[in-house]
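Report on the following structure.
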Amino acid sequence: MKKIIAKNSVQGLREQCFISQAELAKYLGISKSLLAMFETGKRGLPTAAILKLADLQVFPGQNRGSRRTGRSWTAMQAGINKQQDKARKRMEHNIFMHHSGIEMLNYAIKKVGEEQEKAAAWLNILDDMLGSLPKTAATKKDRDWLEEQQQKVIKRILKADEKRGKMELKAELLKAAVKVYEGRSPGSR
């Protein structure tokens, strides 16, 4: 009968239910060291412990009464609930942080857009000024300066556009992460 329950399934069950070796050992009515030896294949478990373990594997999360000691089971459930609460709080914190990150990115994207609009307006002014200057030797110095300014503005616009694209991508990734945390598919709206 000791070969019926695989040692790895006991460790897997423990980890799946967020139960420590000490908590499971207490529930089974055995020492922690005996449970550790069973999980490593060095020892077997008493029949009473195997029956409790089988009951736990067949009916995880249900209290069937007579085979379980209420106190041990309650302690195990409290441990599970504590781990679930920690995981839920961590997830809620991550969702909050991602939403904050999205808001900050959207604000930064808006500011970059405003800077791009100002740069585009300046570029239009430079174009108008350059178009109104006659192409003579006397205006060559002015034309060269205006053309140099045009190139600087174009570089600034392109750099801002690249920056804006990266921020938009980051915002979309954070939105997808929030959807995953909230249990929605990233592709759905």
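Taken together, the values in this text are just the output of simple stated rules run on the coordinates, not laboratory data. Everything quoted here is computed from the prediction, not taken from an experiment.
Quick notes on this one:
- Taking 0.36 nm per residue of sequence separation and removing the Cα-Cα distance, the E114/K155 pair yields an extension gain of 13.2 nm.
- Reported to the nearest whole Å, the Cα centre-to-centre distance from segment 146-182 to segment 70-143 is 8.
- Pairs exceeding 18 Å between alpha-carbon atoms, taken from K86/K170; K110/K159; K26/K52; K111/K163; K110/K166; K32/K82: K86/K170; K32/K82.
- Stretching E147 away from M97 to a fully extended chain increases their span by 13.5 nm, per 0.36 nm per residue minus the current alpha-carbon distance.
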